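Structure record follows, encoded as structure tokens.
The values are calculated or read from the model by the stated rules, or taken from the named source; none is laboratory data. Keep in mind that what you see is a predicted model, and the values were worked out from it rather than measured. Here Cβ is always computed from backbone atoms with ideal geometry, including for glycine, and neighbour counts include all displayed protein chains.
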Amino acid sequence: MAALGWLLSRKRSATARSVLAGEASAEAARKSAQESDEASAPPEPETPAQPEPEFPVTGDEKAAAFFDLDNTVMQGAAMFHFGRGLYKRHFFGKRDLLRFAWQQAYFRLAGMEDPEHIQDARDSVLSIVKGHRVSELMTIGEEIYDEYMAERIWPGTRALAQAHLDAGQKVWLVTAAPVETATIIARRLGLTGALGTVAESVGGVYTGKLVGELLHGPAKAEAVRALATAEGLDLSRCAAYSDSHNDIPMLSIVGHPYAVNPDGRLHKHAREHGWRLRDYRTGRKAAKIGIPAAAAVGALAGGAAAAVALHRRRR
């Protein structure tokens, strides 16, 4: 009985951390998007010759789109590219870089199901940024985007996101990557904003702690729910896009789920549930399955401050 009680307590604790991570990310994302509206950089030129994708009804203010980042919007893992940039700037050594690369490979293959690996990855990232200023990492993140990420954006997925924007809908990235990195990418692509993992900062300096947990799996769904509530969205009219089976919780809460460049488990799940498929890895679009072709579907210092404020209110 004691063992059962311990397991139930751990499960409740993990759920609570997911909810906290989701709510903190949603609050940080909304604050960042508001600041971006006031002083936003113009989006980069669109990639030419992309077929016009389907999109929901123009002007539907109750609808929005949520995009996973790694291997959905961008080829590869954003945190690996960010790590390469930090390594180039002597934030850590070669041994740490190799460990970081291994963790990213493991997550892609194993789906981050092992708590020990999750803890190891979280501690690695937090140890790298601890003691550094949020503004410093934001500036470096802009440079790293230009160096490693800009040329790795999937043109097809970007066209899907642009279609939602053209229809007058908000478009959000949803990723386990730090909200700072995610917000830079969202801004460069002309998107509304980003939901990402929130690292605690005090006085503009990272403490080495997280607010809640990594924004992964169920935490992504919690973040989308929190943001939808705050924005007055109807999730049944929203769309979500991802490549990974880990994002099935997020895909399942919207009315228009898409599997983009899907892994094996997500591809199987999408076929079984009639979700639509897009595959840009070979330059082709996967066949749509089951559903008729109707409506197809932050300045991070402020975002971090919002997350810290939320964390303190919960104490």
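Under the condition of being closer than 19 Å to GLU231 by Cα and among the small types (Gly, Ala, Ser), which residue from region 138-182 is surrounded by the fewest Cβ atoms within 10 Å (Cβ to Cβ)?
GLY168
Of the residues GLY217, GLY232, which single one is among the small types (Gly, Ala, Ser) and modelled with pLDDT of 95 or more?
Going through GLY217, GLY232 in turn, the sole match is GLY232.
Taking the condition of being of a type in the set (A, V, I, L, M), in contact with a Pro (Cβ under 7 Å, 6 or more places away or on another chain) and at pLDDT 95 or above, how many residues in region 146-205 meet it?
Matching residues across region 146-205 total 1.
What is the residue count in region 243-260 for residues that are among the aliphatic types (A, V, I, L, M) and either in a helix (DSSP H, G or I) or at pLDDT below 95 (or both)?
Within region 243-260, the first condition is being among the aliphatic types (A, V, I, L, M), and the residues that meet it are 248, 250-251, 253-254, 259-260.
When the remaining residues are screened for being either in a helix (DSSP H, G or I) or at pLDDT below 95 (or both), the result is 248, 250-251.
Looking only at that region, the number is 3.
Given the options LEU215, LEU233, LEU277, LEU210, name the one that is buried (at least 24 other Cβ atoms within 10 Å of the Cβ) and touching a helix residue (DSSP H, G or I) at 6+ places or on another chain (Cβ under 9 Å).
LEU215
Here is a yes/no grid of residues against (1) assigned to a helix (DSSP H, G or I); (2) in contact with a Lys or Arg (Cβ under 9 Å, 6 or more places away or on another chain); (3) at pLDDT below 95; (4) within 24 Å of ASN261 (Cα to Cα):
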| position | (1), (2), (3), (4) |
| --- | --- |
| ALA65 | no, yes, no, yes |
| TRP102 | yes, no, yes, yes |
| MET112 | no, no, yes, yes |
| LEU126 | yes, yes, yes, no |
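I'm checking my understanding of the structure. Among residues of region 32-60 that are of a type in the set (S, T, N, Q) and at pLDDT 55 or above, which one is surrounded by the most Cβ atoms within 10 Å (Cβ to Cβ)?
Out of the qualifying residues, it is SER32.
So, in region 236-265, of the ones that are surrounded by fewer than 24 Cβ atoms within 10 Å (Cβ to Cβ), more than 16 Å from ALA64 (Cβ to Cβ) and charged (D, E, K, R), which residue ends up nearest to the chain's Cα centre (by Cα)?
Ranking the qualifying residues of region 236-265, first place goes to ASP263.
What pairs come out if I take residues in region 61-84 that are over 22 Å from THR139 (Cβ atoms) and buried (at least 24 other Cβ atoms within 10 Å of the Cβ) and pair them with residues that are aromatic (Phe, Trp, Tyr) and at pLDDT 95 or above whose C-beta lies under 6 Å away, six or more apart or interchain?
PHE66/TRP172; PHE67/TYR241; THR72/TYR241; VAL73/PHE67
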